[in-house]
Every structure is written in C-alpha cells, then in structure tokens.
Amino acid sequence: AMKLGHHPEFKQLGKDGALASLEVSTPLRYPRQFTFTDPHGHRKTGTQIITAPFGLAPKDFDLFLGLYTYLRRLPELPQDGRTHLTVDFLARTLGLPATCQKDYLRIRSRIFRFSFVKYTNSAFWNRETKSYDIVNFGFFNIAALSRVTDSRRPVTFEWDPTFLRLVAN
C-alpha cells in the first residue's frame, strides 16, 4: 500500500491532505476467460475483466461482500439509489476494527478504492431475457465522504443501477 499522494500517476495530489492520506496500491486489471454453453448447446468462451485503478486489497472484497449482504437484507432497496452509512456502523457490521485513527483511514481507503472498481463480462446470464449479455458496471460511487478522517458523518454510497438490479434478483 502507498498513500495516494505518492502514487506515480497522482503525485500532484499530495497537496490535498484529504486525498493524499488515502491508501492505494498499483492498478489492477484482472482478465479471465471462461467457457459456457449457449441456449443451443454450443460451447462458447466469455471474458470477465475486473479493473481497479487504485488497486485492491483482500479486505476490500470483505467490505464489498458486507455491503452486498447489507443491501440484500434490507426490506426494500433504496429508491434513490443511495445509502448513508457511518464508518462505525460499517466496522461493526463487517467485523472490521475501528479503534483508532489508522483503522478509520483503512476503512475509508477501502471505500475509496472499491468505488473505482469496474466489472465487465461478455457472457453474463440475463434471467429476464434468458440470454447472455455483455455487461459493464461499477458497484458504487462515493456521493459524499467527509474530508475529516475521524468524522462521524455518514458516507453516502450511490449504487450503480445495474448492480442494484442484480442485488434485487
């Protein structure tokens, strides 16, 4: 991990303390091909690509799974596509430590990194149309994240509409 202010492509951000302190790593691009059978019984090849311009850490996926589980358990998905959650709530819900400033920075950095992740799939099964589609979506954008690291203000997640449709199914 490195501070965003030291990232080779973003050294100029070192002057902005709110961004410079976030932890990032080298960009990730993970392509993977897989086989599938089309509705006519023919074997085909599909491609999945995960891109993360600020890298990913193993715990980032834990954050994502926790947020996904949180959304699935809601009685109704947010109509406006937004969810407001504090870092303390996220830490408790996901079982992440949040006892000091460094822990809060880690969680905030995970949120920041994952907000840039994109998923592409050239053979994504669409249950509604019963066909394989090409999809490309992110998971969430940060609609609001306090500049103050130890702020108790909630983080506003703005969910990707495609992702919300997948969560709803």
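Test E23 against the stated conditions and say whether it is of a type in the set (D, E, K, R), modelled with pLDDT under 90 and surrounded by 15 or more Cβ atoms within 10 Å (Cβ to Cβ).
Yes: the conditions hold for E23.
Filter the stretch 86-110 down to residues that are of a type in the set (S, T, Y) and open to solvent by less than 30 Å² (accessible area, probe 1.4 Å), then give me how many there are.
2
Tell me which residues, restricted to the stretch 38-85, are in a strand (DSSP E or B) and either loosely packed, with under 10 Cβ neighbours inside 10 Å or acidic (D, E) (or both).
R43
Which members of the stretch 121-169 meet the condition of being within 19 Å of I50 (Cβ to Cβ) and acidic (D, E)?
D133, D160
Tell me whether the stretch 134-151 contains one or more residues that are over 23 Å from E23 (Cα atoms), open to solvent by less than 30 Å² (accessible area, probe 1.4 Å) and at pLDDT 95 or above.
yes
The values are calculated or read from the model by the stated rules, or taken from the named source; none is laboratory data. In this text, all values refer to a predicted model and were calculated from it rather than measured experimentally. Reconstructed Cβ throughout: ideal geometry from the backbone, glycine too, with neighbour counts over all protein chains shown. Quick note on the areas: whole protein, heavy atoms, side chains included, nothing else; ligands and nucleic acids left out. Shrake-Rupley method; radii C 1.70, N 1.55, O 1.52, S 1.80 Å.
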